[in-house]
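S.K.: My questions will all concern the structure given below.
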Amino acid sequence: MNVDPVREFIAREFLGGTDPAALESTTPLISSGVIDSVGTLRLVLFLEETFAVEIGATEIADGALDTLAAIGLLLDTKLAGK
Amino acid sequence: MVLGLEPGDRVGLLLPKSVDSIIAMLGVLTAGGVYVPVDEQSPAPRQQALLEDCGVRGIIGTRDTIARLVELDASFVSGLGFLLGRDCRQLPGRWHDWEPSAQPRAPASLPEVAPDQAAYILYTSGSTGRPKGVTVSHRGARAFVDWAVRTFRIDASDRLANHAQLSFDLSVLDVFGALAAGASVHLLTPADWVRPDYMVDLLLNRQITLWYSVPSALSLLETEGGLSRRPLPSLRRVLFAGEVFPVPRLRSLMRAQPEAQYFNLFGPTETNVCTWHALRTVPSETTNSIPIGRPCDHLRTQVRTATGSPVRDGGEGELCVAGPSVMLGYFGNDAVTEAAFWTDADTGRWYRTGDRVRADQDGTYWFLGRRDRQVKRRGYRIELGEVEAALAQMPGVRDAVAVATDDQTQGTRITAWVAPEPGAALDTLTVKLHCGRLLPRYMVPDTVQVRPELPRTATGKLDRKHLT
């Protein structure tokens, strides 16, 4: 999964337009406070709308959105199941 | 007691919110101990600092939460009197397995617990960078819970939703209010908070009768959870506290769920709720703010000037509170405790809240602001000095200041203004990641502004007015 759209969304919405390339695939996003709880909701809504998937509360709790790598894996799994 | 817990011993709780965490709280209290709930998602250095600050005898945790502490400082964990958890035997330290027993045994005798003995310690942000351990007695907790059960008529038929973290004082009402009244309490986890639509499902399906949270959580239920399209016939009381509820949002909520009664609760962790106000009608379009109400009937309040003189006739001043639910003090911090109180020979010991208020002729209070730099963000209390202390520790930072701004749609936002050392490269991502390693997530600045110099006044002090 190419997560560049997600990378660009996060850089634009939560990092004041920081160069998206600065976000590594293993940079912690939620556990580090880079994205707060309201921001996490915005991220979930973005992913659901952009990739036409549904993301549950347990997946968020399990750290499935904490890095770009994890988000890519989650999207791969969900899209493969369609 | 099998763990060697002595009355008055502090026990850290490093557990995700669950039935286990409630059992742990009750177990510690029953053994005469003092429970210290620590946000299991906050950075490990901060967790260890809190646990060391109050000298915990042991920790009740999980394999994951303890492993994070071990990774940081295995000697700290090994030196504790006990560790209690499930499936944790491979970790260092004096482990005891927490296994559910089919036939739980009550100890032969339970220790006597005096009313003035500490029951729990909740840590709040400290302006110097050192969090403060608000220590509350059994008498204090009991007085508050009795008041809440009596005032909101909580009984065995009620189903309460617990939204707040257990390290946050709002949880005392949900958890102990429900237990005292024989009601049920439904625990909501931080993952649930992210999906307001799921929380509305839960409110509906579990027929929740009483909700208590910060206003921003309620606003999310309404704006993102579809609350206005989904009547909740079981919901009878909606309580909110911890921050100012923007009136347009409150109006919208009350119109969405017109059958419920709405209550504005007010008070710091040091007193728990000290004033409250029942909203009889939906605020009109011209209403800008709602009162924080009148004192709880187990407490006394008065308004005083900065020099300690009483304020009368609707003047502004600092709200001071006396009575059983006022904290014992900040654990191990006598100087800060002393500064937080003043004692009157005739009327006793008064806690100075730091909140600026004025009173109507009928004694109803209105909140005007703080007399210091403390802010509330989604109900969490933040001393900007603690954010600045974290920024100052970042390599490459020469100068830093944290500024809070109010945003009617997103609430309080924190901006970190930083000036780098010559040659140092700072950006939003690295500053946020640094803060996230030291501070709880709710204290991590929303935005970061990097400037070669921060503005200063003629006397050389940081000029915060020009940082907006």
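S.K.: Which of the residues spanning the range B:220-241 are surrounded by fewer than 16 Cβ atoms within 10 Å (Cβ to Cβ), more than 14 Å from chain A (Cβ to nearest Cβ) and assigned to a helix (DSSP H, G or I)?
M.R.: Result: B:Ser228, B:Arg229.
S.K.: Kindly indicate whether B:Ala217 is touching a Phe, Trp or Tyr at 6+ places or on another chain (Cβ under 8 Å) and assigned to a helix (DSSP H, G or I).
M.R.: So B:Ala217 passes the test.
S.K.: Now, a different point. I'm trying to understand the selection: among the residues of the range B:308-359, which are touching a helix residue (DSSP H, G or I) at 6+ places or on another chain (Cβ under 8 Å) and either without any contact (Cβ under 8 Å) to a residue 60 or more places away in the chain or of a type in the set (A, V, I, L, M) (or both)?
M.R.: B:Val326, B:Met327, B:Leu328, B:Arg352
S.K.: All but one of (1) free of Cβ contacts under 8 Å to residues at least 24 places away in the same chain; (2) small (Gly, Ala, Ser); (3) on the phi > 0 side of the Ramachandran plot hold for B:Gly411; state the number of the condition that does not hold.
M.R.: Going through (1) free of Cβ contacts under 8 Å to residues at least 24 places away in the same chain; (2) small (Gly, Ala, Ser); (3) on the phi > 0 side of the Ramachandran plot one by one, B:Gly411 breaks only (1).
S.K.: Now a separate question. Given the conditions (1) surrounded by 14 or more Cβ atoms within 10 Å (Cβ to Cβ); (2) over 24 Å from A:Gly81 (Cβ atoms), which single one is not true for A:Ala21?
M.R.: So the condition that A:Ala21 fails would be (1).
S.K.: Can you spot a residue in the range A:39-53 that is under 19 Å from B:Ala416 (Cβ atoms), touching a Phe, Trp or Tyr at 6+ places or on another chain (Cβ under 8 Å) and facing chain B (nearest Cβ under 10 Å)?
M.R.: Yes, because at least one residue in the range A:39-53 is under 19 Å from B:Ala416 (Cβ atoms), touching a Phe, Trp or Tyr at 6+ places or on another chain (Cβ under 8 Å) and facing chain B (nearest Cβ under 10 Å).
S.K.: Being part of a loop (DSSP other than H, G, I, E, B), within 12 Å of chain B (Cβ to nearest Cβ) and either of a type outside the set (Gly, Ala, Ser) or surrounded by 20 or more Cβ atoms within 10 Å (Cβ to Cβ) (or both) narrows it down to one residue among A:Ile30, A:Ile10; which is it?
M.R.: A:Ile30 is the lone residue from the list that is part of a loop (DSSP other than H, G, I, E, B), within 12 Å of chain B (Cβ to nearest Cβ) and either of a type outside the set (Gly, Ala, Ser) or surrounded by 20 or more Cβ atoms within 10 Å (Cβ to Cβ) (or both).
S.K.: Out of the residues in the range B:1-42 meeting the condition of being assigned to a loop (DSSP other than H, G, I, E, B) and in contact with a Leu (Cβ under 6 Å, 6 or more places away or on another chain), tell me which one is farthest from B:Gly436 (Cα to Cα).
M.R.: B:Ala31
S.K.: Another question, then. Which of the helices (runs of 4 or more DSSP H) found entirely inside the range B:128-201 contain at least 3 residues meeting this: crowded, with 20+ Cβ neighbours inside 10 Å and touching a strand residue (DSSP E or B) at 6+ places or on another chain (Cβ under 6 Å)? Before you say what the answer is, go through the steps one by one.
M.R.: Details: elements: B:138-151, B:170-181, B:190-194.
Those helices (runs of 4 or more DSSP H) span B:170-181.
S.K.: Could I ask something else about it? Among residues belonging to the range B:421-459 that are facing chain A (nearest Cβ under 7 Å) and polar (S, T, N, Q), point out the one that is surrounded by the fewest Cβ atoms within 10 Å (Cβ to Cβ).
M.R.: By that ranking, first place goes to B:Thr447.
S.K.: Filtering the range B:98-125 down to residues that are modelled with pLDDT of 85 or more and acidic (Asp, Glu), which residue is farthest from B:Leu173 (Cα to Cα)?
M.R.: The extreme case among them is B:Glu112.
S.K.: Kindly provide the set of residues from the range A:60-82 that are under 12 Å from the mean Cα position of the chain (by Cα) and either buried (at least 17 other Cβ atoms within 10 Å of the Cβ) or under 19 Å from A:Asp36 (Cα atoms) (or both), ordered by number. So that I can check it myself, show each step before the final result.
M.R.: Of the residues in the range A:60-82, the ones under 12 Å from the mean Cα position of the chain (by Cα) are A:60, A:63-75.
Result: A:Ile60, A:Gly63, A:Ala64, A:Leu65, A:Asp66, A:Thr67, A:Leu68, A:Ala69, A:Ala70, A:Ile71, A:Leu74, A:Leu75.
S.K.: Shifting gears a bit: Can you name the number of the only condition in (1) in a helix (DSSP H, G or I); (2) crowded, with 17+ Cβ neighbours inside 10 Å that B:Val418 fails?
M.R.: Of (1) in a helix (DSSP H, G or I); (2) crowded, with 17+ Cβ neighbours inside 10 Å, only one is false for B:Val418: (1).
S.K.: What are the residues in the range B:255-284 that are not aliphatic (A, V, I, L, M) and not in a loop (DSSP other than H, G, I, E, B), if any?
M.R.: B:Arg255, B:Gln261, B:Tyr262, B:Phe263, B:Asn264, B:Phe266, B:Thr275, B:Trp276, B:His277, listed by residue number.
S.K.: Anything in the range A:54-63 that is within 24 Å of B:Arg437 (Cα to Cα) and either more than 8 Å from chain B (Cβ to nearest Cβ) or modelled with pLDDT of 90 or more (or both)? List them, or say none.
M.R.: Matches in the range A:54-63: A:Glu59, A:Asp62, A:Gly63.
S.K.: What tally of residues in the range B:351-381 results from selecting those that are outside any loop (DSSP other than H, G, I, E, B) and either within 20 Å of B:Val214 (Cβ to Cβ) or under 21 Å from the mean Cα position of the chain (by Cα) (or both)?
M.R.: Total meeting the criteria: 19.
The values are calculated or read from the model by the stated rules, or taken from the named source; none is laboratory data. This one's a predicted model, so the numbers in the text were calculated from it and none came from an experiment. Ideal geometry is used to build each Cβ from the backbone, glycine not excepted, and the neighbour counts take in all protein chains shown.
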